[in-house]
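Working notes, beginning with the structure itself.
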Amino acid sequence: MLAKLIKYDLKYVYKVLGIYYLIMILGVIIFLITDLNQTNGIIEFIHHFAGGASFGLSIGLFFNAITRSWARFQKNFYGDESYLTHTLPVTKQQLLLSKTISSLIVLILSLILLIFCTIATQIGFDTFGELNSMLESQGHSLFNIGMLLFITLALQQFFVIECGFSGILIGHRKNDRRGMWSWIAGGGIYVVANLLIVAVTLIWSLFDSNVHNLIFSDSSADLHNIISMQKIIVGIDIAYFIIIVGLYFLSQKTLERGVDVE
């Protein structure tokens, strides 16, 4: 049953995001094809327009992936669909898990497409290859660094989604102005959690000179120091993961107290 719940959640989200995906991919294809011949003014215009449009859509897609996940969550639990949702032979925990898994799938696929579009239209595959060669000559792996940054960005944005889920659940415990309270609760969780991560990082820097130098050194923009930041990035990733798990169980406990549909 969980698989069916995830399927219906994804169908709802991709009714809109699927169109984004198709247009973006088409734009990248046009951009790459017209790059073969830029001597013609019209073709050059199409080349730059397709690249700019695809990149702009990829940014919009990323934020849409988050907001559509929130919209699905709210409508399924508290909107018109809720009367059917809460009569299904499934537990509230399964419904929550379905929203969590489906939103993670949407986020990862959208992030992959954003990165591909950015490399194809803004950086260029040749420049990307040169960067890889430069890092390899210094004993570093672009793949490892890229994966670390990918995981970091995915965790940060998944954390934002979980803040929204928790905010919706907490906000709908109120009798009126539930939308406003949902934004206040979600935003409050986001701010407090990030302040906690900053505080823990600063305390960490008191006991680790490398972390202290990375935060306060004027030479932090140096390539060597940027590579060295992998340690602190991993620490922050762990913090985000712990908070995400905590928010999931907070949402689960809130659901166990009952759902008051609109």
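For this structure, a couple of remarks:
- If only residues of the range 67-85 that are touching a residue at least 24 places away in the same chain (Cβ under 8 Å) and out of contact with any helix residue (DSSP H, G or I) (no Cβ under 8 Å at 6 or more places or on another chain) are counted, the one that is least open to solvent (accessible area, probe 1.4 Å) is G79.
- The residue list I236, I232, I227, I242 contains one member that is within 28 Å of L104 (Cα to Cα) and at pLDDT below 60, which is I227.
- Inspection of the range 156-163 identifies no residue that is among the acidic types (D, E), without any contact (Cβ under 8 Å) to a residue 24 or more places away in the chain and either open to solvent by 30 Å² or more (accessible area, probe 1.4 Å) or assigned to a helix (DSSP H, G or I) (or both).
- Residue in the range 131-143 that is open to solvent by 30 Å² or more (accessible area, probe 1.4 Å), of a type outside the set (F, W, Y), at pLDDT 90 or above and in a helix (DSSP H, G or I) present: no
- Here the helices (runs of 4 or more DSSP H) wholly within the range 20-125 that include at least 3 residues being within 22 Å of the chain's Cα centre (by Cα) are 41-78, 92-118.
The values are calculated or read from the model by the stated rules, or taken from the named source; none is laboratory data. Here the structure is a predicted model, which is why all the values come from computation and not from measurement. All Cβ positions, glycine included, derive from the backbone under ideal geometry; neighbour counts span all protein chains shown. Quick note on the areas: whole protein, heavy atoms, side chains included, nothing else; ligands and nucleic acids left out. Shrake-Rupley method; radii C 1.70, N 1.55, O 1.52, S 1.80 Å.
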